[in-house]
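Comments concern the structure below.
The values are calculated or read from the model by the stated rules, or taken from the named source; none is laboratory data. No experiment lies behind these values; they were computed from the predicted model shown. For neighbour counting, all protein chains shown are included, and Cβ atoms are generated from backbone atoms with ideal geometry for every residue, glycine included. Note: areas computed on protein heavy atoms with side chains; ligands, DNA, RNA excluded. Shrake-Rupley method; radii C 1.70, N 1.55, O 1.52, S 1.80 Å.
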Amino acid sequence: MTDDKRLPPLLKLALELGPLALFFIGNAYGDRFGFPEGQRIFAATGIFIVATVIALGISYGLTRKLPIMPVVSGIVVVVFGGLTLFLQDETFIKLKPTIVNSLFGLVLLGGLYFRKPLLQIVLDSVFDLTEEGWRKLTLRWALFFFALAALNEIVWRTQTTDFWVSFKVFGIMPLTIAFALAQTPLLLKHEIKKAEEV
């Protein structure tokens, strides 16, 4: 039995996107459970908290470890989602993406400042890059996280709650996937095996 257990990609994706999907469904159909239109976000937030904790529990049960980013995101969901429900103020759950993305950006920049590209620790088993490659990739992801944080602030402060929920579910993930794919040339350029073959 190996210590390095990995989830199948589809199951990992389901555990990451499942809580978000339930958050969207809870907000869209909360009125069917007795929540008035302006209160559906609270039903969705409660569902989001429970689903996030369950997803983390399943992930830990199957792998006996928890990835750093989902754990940080999960803690912020529980704390800010809890404040949303306790204070009946949707502002807190809307701030969650801003806080998480800003935190990730700051941590990555901090790692670069101390010459420790932390993205390498998170993705080391996936990519084998040169030091310059890790530095450039880390900087790009840090700036992308800050851009997501700023975009979230613009959307939740200028649009309806329903629009923000849709953006959170159907906007942030495609943007993240597109950004990740856009890094392919950098990954190929700084991949160590290719550098050794030249």
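Between Thr63 and Ile177, the FRET efficiency from the beta-carbon distance, with R0 = 22 Å, is close to 0.45.
When the gyration tensor of region 49-110 is built from Cα positions, what are the square roots of 5 times its three eigenvalues, in whole Å, from largest to smallest?
Working: eigenvalues 92, 66, 7 Å².
One finds semi-axes of 21, 18, 6 Å for region 49-110.
To the nearest ten degrees, helix 68-87 and the longest principal axis of the Cα atoms of the chain are 20 degrees apart.
Spacing of the modelled spin labels on Ala28 and Glu131, each 7 Å from Cα toward Cβ, amounts to 5.0 nm.
Could you tell me how many degrees, from 0 to 90 and to the nearest 10, lie between the Cα long axis of helix 172-182 and the main elongation axis, the longest principal axis, of the Cα atoms of the chain? Computed tilt is about 10 degrees. Taking every lysine pair in the chain that is 8 or more places apart or spans two chains, those with Cα atoms closer than 20 Å amount to 9. Ignoring ligands, DNA and RNA, please state the percent of accessible area on the chain from carbon and sulfur, probe 1.4 Å. The value for the chain is 68 percent carbon and sulfur by accessible area.
Histogrammed with a bin width of 10 Å, the alpha carbon distances of the chain distribute as 8, 31, 34, 19, 6, 1, 0 percent, first bin at zero. Dipole check for the chain: with +1 at the C-beta of Lys and Arg, -1 at the C-beta of Asp and Glu, and the Cα centre as origin, the magnitude is about 140 Debye. With protein chains left intact and a 1.4 Å probe, residues in region 76-198 average 57 Å² of accessible area per residue. The C-alpha atoms of the chain define a longest principal axis, and helix 161-170 lies at about 30 degrees to it.
At full extension, Ala147 and Gln88 could sit 18.4 nm farther apart than now, given 0.36 nm per residue minus the alpha carbon distance.
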